[in-house]
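Note sheet for the following structure.
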Amino acid sequence: MAFERSKEITRAFKRELIVYQRVLRDERTPVVAKLFLDLAIGYLLMPFDLIPDFIPVIGRLDDVVIVPALVFIALRYIPREIVAEHREQVAREDQATVSAPTHGRPPGNRRN
C-alpha cells in the first residue's frame with residue numbers, strides 16, 4: 001500500500017514538473033513569475049547551498065523551504081487559467097500514455 005502511494009506521489013511530482021516547464025515556455029506567463037520559477041530551478045541546481053548541508057537539520061531544511069516558497073510565489077503571479085490549461089493537457093497526455101495499446105498482449109505480459 002505504501003509503495004503504491006509513493007509511486008502515485010512520484011507520478012504527480014513528475015506531472016507538476018512538466019506543467020511548470022510548459023508554464024515557463026508559455027508567452028502569457030508574466031515575466032515576474034518566470035523569474036521566480038527560474039530562481040527555484042537555479043537554487044535546486046546550484047552546486048552550493050546558502051546554508052551548508054552539514055549543519056544538522058537546518059542544512060537540509062533550507063532546500064525543503066526555499067524551493068517550494070519560490071514556486072508558490074511564482075504561482076501567485078500566474079493566472080489560474082494558464083496553470084489549469086497546462087495541467088489539463090498534461091493529465092490528458094498522461095491518460096493517453098496509460099491507455100496506450102499493448103499490441104495484442106495482456107498488460108504485464110512480457111516477451112522473453
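Counted by neighbouring Cβ atoms within 10 Å, the residues Met1, Met46 run from fewest to most as Met1, Met46.
Mean silhouette area of segment 1-71, derived from the convex hull of its C-alpha atoms and averaged over all directions, reads 6.1 nm².
Determine, from the Cβ-Cβ distance of Tyr43 and Glu4 and an R0 of 22 Å, the FRET efficiency 1/(1 + (r/R0)^6), rounded to the nearest 0.05. Could you put the intermediate results ahead of the total?
On the way: r = 31 Å, r/R0 = 1.42.
FRET efficiency, Tyr43 to Glu4: 0.10.
If I take R0 = 22 Å and measure r between the Cβ atoms of Asp26 and Val67 in this structure, what FRET efficiency does the formula 1/(1 + (r/R0)^6) give, to the nearest 0.05?
With a Förster radius of 22 Å, E is 0.60.
About the Cα centre of the chain, how large is the charge dipole given +1 on each Lys and Arg Cβ and -1 on each Asp and Glu Cβ? Please answer in debye to the nearest 20. Walk me through the numbers before you get to the answer.
Details: 17 positive and 15 negative charges, 122 e Å.
For this selection, approximately 580 debye.
Shape summary of segment 30-77, radius of gyration then Dmax from alpha carbon positions: 11.6, 38 Å.
FYI, it's all coordinate maths here, none of it is from the lab. Bear in mind the structure is a predicted one, so any value in this text is a computation, not a measurement. Cβ atoms come from the backbone with ideal geometry, glycine included; neighbour counts cover every protein chain shown.
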